[in-house]
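The values are calculated or read from the model by the stated rules, or taken from the named source; none is laboratory data. Because the structure is a prediction, the values reported are computed rather than measured. Ideal geometry is used to build each Cβ from the backbone, glycine not excepted, and the neighbour counts take in all protein chains shown.
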Amino acid sequence: MKTYIFCIGGTGARVMKALAMLLTTGVEINTDEIVPIFIDPDASAADLTRTISFLREYKYMNEQLHFSDDMKNRFFKTKISELIPNYRLELSNTRNDRFRKYMGFDSLDIANQALAYMLFSEKNLDSDMEVGFKGNPNIGSVVLNQFAQSDAFNDFTNSFRPGDRIFIVSSIFGGTGASGFPLLLKNLRGINMSLPNAGNIKDAAIGAITVLPYFNLAQSQDGTNDIDSSTFISKAKAALEYYAKNISGNNSLNAFYYLADDIYDMYEYSEGGTTQKNKAHIIELLAALAIIDFCSMDNDALQSSKGKALNPIYKEFGAASGDEDMIFSSFYDDTRDIIQRPMTEFTLFCKFLNEHLNSSKSLKWAKGKRPFDGNFFNGNFFKSHLVKIKESYLQWLDEMASNHRGFAPFHLEEMKKDVFGFVAGVKPGRVMNYRSNYDLFDYCLCDLEPKVSNNLNTEERFIELFYRTVNKLVTDKKLA
C-alpha cells in the first residue's frame, strides 16, 4: 500500500518534515511507501527547501539499508518515494506575474471586470504570486485550479493502484492551504474519468488534516503587512463554515482531522521565499501523527462509493495536560506508545555520535572482522549523509523546544555524568553492571557487535549495531 501525502503550503511542508523525522527514528506506520507531493507556488520558501533537502537525505539512507531478515533496525525503514521531480507539483505562470495578468483581467468585457472587482480588491489584482497567495484564498482558488491538468498530476494518476490511500495536509488560515485543500479534494472525488486509474482514485480512502491558527506574525519592518495574523481566526471561521457545507456535508472525506492550539508564538514577519523559515512546532508533529493514525485504520472503516465516504470519521487531538512546555508525560498513553521509544532511541544514538564517538572508535566494537575504520567514518554514508541527518534531527528537536507552545522531551545538552538522564521527567532505572554512562554504552556495543550478521554490508552493520544497542539500553534503563 502506498500513501500519497499532498502537502499544501508552508504548513504542509513542515508537517511532512515532522513525519520524516518520526520515520527516521523508526516510528511505525502501516504503509509500505510514503509518496509526498508538495503544492506551493513559492518554490524558494525556506520551509519547503529544508523539507525537500531532508527528504533527500532520508531517501539516500533508506536505499542504503536493505532491511533483510538479518536486521532488527527500524531507523529509516519506511520507504519515501520521489514520484515527481523535487516532490513538487509545478504551477504554471505564477513567477514574475501579477494576478491581474494571470486571470486575463484586461481582456475581460466590462460586465466581467465588474464581477472581478466584486471578488478581488485592487491590491489582490496587483498581487505578485511568486511567493504564494499571502493569505488570500480567493486568489489561490483561481490559480490552483490548474493542477489537475499538470503533468505531475498525470504521473500521480498513472502510479495509483487499488488499495492505495491519499492524505491531504493544509492550514485553514492562510491562502495556499485554505484554497488548495477543497480544490484538490474536488479534483480527486470528481476526477476526470478519462484519466488513468480514475475509478480507483475517485473511491480511494482519503483523509485530511486541517490545521487551525497556531502562531502569530509580527509587524513587517515597514509596518505594511500583506499578511495580517489578526485575521487568522476570522478566516478560519469562514473556511470552517465552507468546509461544513461542502466537504463534511458532501461526505467527501473518509477521515477528517482538526488540530488547533490556543497558545501562539510570535514569528518574524515573512511573505515567503528564503526568509520563510519558521521554527518547528509541536502542532506539526501532532499533525504528522494524524497521518500515522489514518494509515492504521482498517480498510472496512474507509469505504467509499461514487466519490462519497460511506462512514466519515472526524477526529480532534487531546493531550493529558496543557503545559506550555510539554514532555512525553504530557500525552496520553496511545501517543506515548507511538513516539517515546523510537524518539528516545534515535536521540540517544545522536548524542553518542556528538559526545562520545571519537573516544570510542578504538574499542573492540569498531575493530571486528569488518572494522569501522577511517575509510568508513570519512566516507560518503557517514560523513556526508548520516551526520547531516543527525544535525537536522537535533535542530528540529531544539526548534520545538524553543517554540511556544514548546515540546522539550529531551535534555540535549551534554551530560556525561548522567548520560541516561536525558529524557525529561524520566528517572533512569539501575542496570546490574559496574559500568555506567558512556562506559555502559561502550560495553553494550562490544557485547552486541559479534551478534550482528556478517551478511550485512558495513553501512548496514553500523546502523544495526547502534539500533540494537540503544534499543537494549532504553529497555534496561526503563527510558520508555
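Testing M1 on (1) in contact with an Asp or Glu (Cβ under 6 Å, 6 or more places away or on another chain); (2) at pLDDT below 95; (3) under 30 Å from K451 (Cα atoms), one condition comes back false. Which one is that?
Every condition holds for M1 apart from (3).
Would a scan of segment 390-411 turn up a residue that is part of a helix (DSSP H, G or I), over 18 Å from the mean Cα position of the chain (by Cα) and within 21 Å of R461 (Cα to Cα)? Walk me through how you get there before you give the answer.
We begin by selecting, within segment 390-411, every residue part of a helix (DSSP H, G or I); these are 390-402.
Okay, now just the ones that are also over 18 Å from the mean Cα position of the chain (by Cα), so 402.
Pick out the ones that are also within 21 Å of R461 (Cα to Cα) and you get none.
No, segment 390-411 contains no residue that is part of a helix (DSSP H, G or I), over 18 Å from the mean Cα position of the chain (by Cα) and within 21 Å of R461 (Cα to Cα).
Being touching a helix residue (DSSP H, G or I) at 6+ places or on another chain (Cβ under 6 Å), farther than 18 Å from W396 by Cβ and not aromatic (F, W, Y) is the requirement here; does A309 meet it?
Values: touching a helix residue (DSSP H, G or I) at 6+ places or on another chain (Cβ under 6 Å): no; farther than 18 Å from W396 by Cβ: yes; not aromatic (F, W, Y): yes.
No: the conditions fail for A309.
Name the one entry in E63, E82 that is in a loop (DSSP other than H, G, I, E, B), of a type in the set (D, E, K, R) and surrounded by fewer than 18 Cβ atoms within 10 Å (Cβ to Cβ). It would help to see each step written out before you state the result.
Values: E63 fails: in a loop (DSSP other than H, G, I, E, B).
Going through E63, E82 in turn, just one is in a loop (DSSP other than H, G, I, E, B), of a type in the set (D, E, K, R) and surrounded by fewer than 18 Cβ atoms within 10 Å (Cβ to Cβ): E82.
Looking only at segment 41-49, decide whether some residue is among the charged types (D, E, K, R), within 30 Å of L448 (Cβ to Cβ) and crowded, with 17+ Cβ neighbours inside 10 Å.
Of the residues in segment 41-49, the ones among the charged types (D, E, K, R) are 42, 47.
Remaining after also requiring within 30 Å of L448 (Cβ to Cβ): none.
No: segment 41-49 contains no residue that is among the charged types (D, E, K, R), within 30 Å of L448 (Cβ to Cβ) and crowded, with 17+ Cβ neighbours inside 10 Å.
Restricting the search to segment 345-365, which residues are of a type in the set (G, A, S) and in contact with an Asp or Glu (Cβ under 8 Å, 6 or more places away or on another chain)? Explain how you work it out, then say what you get.
First pass over segment 345-365, keeping only residues of a type in the set (G, A, S): 359-360, 362.
Within segment 345-365, S360 is the sole residue that qualifies.
Cβ contacts < 8 Å: first residue in the same structural domain as T347 (by TED's automatic domain parsing), restricted to segment 385-404; second residue outside any loop (DSSP other than H, G, I, E, B) and of a type in the set (D, E), any location; separation 6+ or different chain. Result?
Going by the 8 Å Cβ cut-off, the qualifying pairs are H385/E57; K388/E57; I389/E57; S392/E57; A401/D325; N403/D265; H404/D265.
Need pairs with beta-carbon distance below 8 Å; first residue over 13 Å from G207 (Cβ atoms) and within segment 303-315, second of a type in the set (K, R) and not in a strand (DSSP E or B); sequence gap 6+ or separate chains.
Within 8 Å, the pairs are K306/K202; G307/R189; G307/K202; K308/R189.
Failed condition for K306, given (1) of a type outside the set (V, I, T); (2) on the phi < 0 side of the Ramachandran plot; (3) at pLDDT 95 or above, with all others met?
Result: K306 passes all but (2).
Looking at (1) surrounded by 16 or more Cβ atoms within 10 Å (Cβ to Cβ); (2) modelled with pLDDT of 95 or more, which one does N278 not meet, given that it meets all the others?
(2)
When F76 is evaluated against the numbered criteria (1) surrounded by fewer than 19 Cβ atoms within 10 Å (Cβ to Cβ); (2) touching a residue at least 60 places away in the same chain (Cβ under 8 Å), which criterion, by number, is the only one it fails?
Failed condition: (1).
Regarding segment 20-36, can at least one residue be identified that is of a type in the set (S, T, N, Q), surrounded by fewer than 20 Cβ atoms within 10 Å (Cβ to Cβ), under 14 Å from Y87 (Cα atoms) and outside the structural domain of I339 (by TED's automatic domain parsing)?
No: zero hits.
This table checks each residue for (1) in a helix (DSSP H, G or I); (2) under 22 Å from the mean Cα position of the chain (by Cα).
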| residue | (1), (2) |
| --- | --- |
| A288 | yes, yes |
| I291 | yes, yes |
| D300 | yes, no |
| A320 | no, no |
| R336 | yes, yes |
| Q340 | yes, yes |
| T347 | yes, yes |
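Kindly indicate whether any position in segment 151-168 is β-branched (V, I, T), in contact (Cβ under 8 Å) with a residue 60 or more places away in the chain and within 26 Å of N30 (Cβ to Cβ). Quick ask: steps written out before the conclusion?
Within segment 151-168, the first condition is being β-branched (V, I, T), and the residues that meet it are 157, 166, 168.
Filter once more, keeping what is in contact (Cβ under 8 Å) with a residue 60 or more places away in the chain: 166, 168.
From what is left, the residues that are within 26 Å of N30 (Cβ to Cβ) are 166, 168.
Among the residues of segment 151-168, at least one is β-branched (V, I, T), in contact (Cβ under 8 Å) with a residue 60 or more places away in the chain and within 26 Å of N30 (Cβ to Cβ), which makes the answer yes.
Condition first: in contact with a helix residue (DSSP H, G or I) (Cβ under 7 Å, 6 or more places away or on another chain) and either part of a loop (DSSP other than H, G, I, E, B) or surrounded by fewer than 17 Cβ atoms within 10 Å (Cβ to Cβ) (or both). Now tell me which residues in segment 447-471 satisfy that.
Those that are in contact with a helix residue (DSSP H, G or I) (Cβ under 7 Å, 6 or more places away or on another chain) and either part of a loop (DSSP other than H, G, I, E, B) or surrounded by fewer than 17 Cβ atoms within 10 Å (Cβ to Cβ) (or both): V452, L456, T458.
Among the candidates F147, F160, F173, F133, which residue alone is under 28 Å from S53 (Cβ atoms) and at pLDDT 80 or above?
Numbers: F147 fails: at pLDDT 80 or above; F173 fails: at pLDDT 80 or above; F133 fails: at pLDDT 80 or above.
Being under 28 Å from S53 (Cβ atoms) and at pLDDT 80 or above holds for just one of F147, F160, F173, F133, which is F160.
What's the number of the only condition in (1) at pLDDT 95 or above; (2) in contact with a Lys or Arg (Cβ under 7 Å, 6 or more places away or on another chain) that E324 fails to meet?
Unmet for E324, out of (1) at pLDDT 95 or above; (2) in contact with a Lys or Arg (Cβ under 7 Å, 6 or more places away or on another chain): (1).
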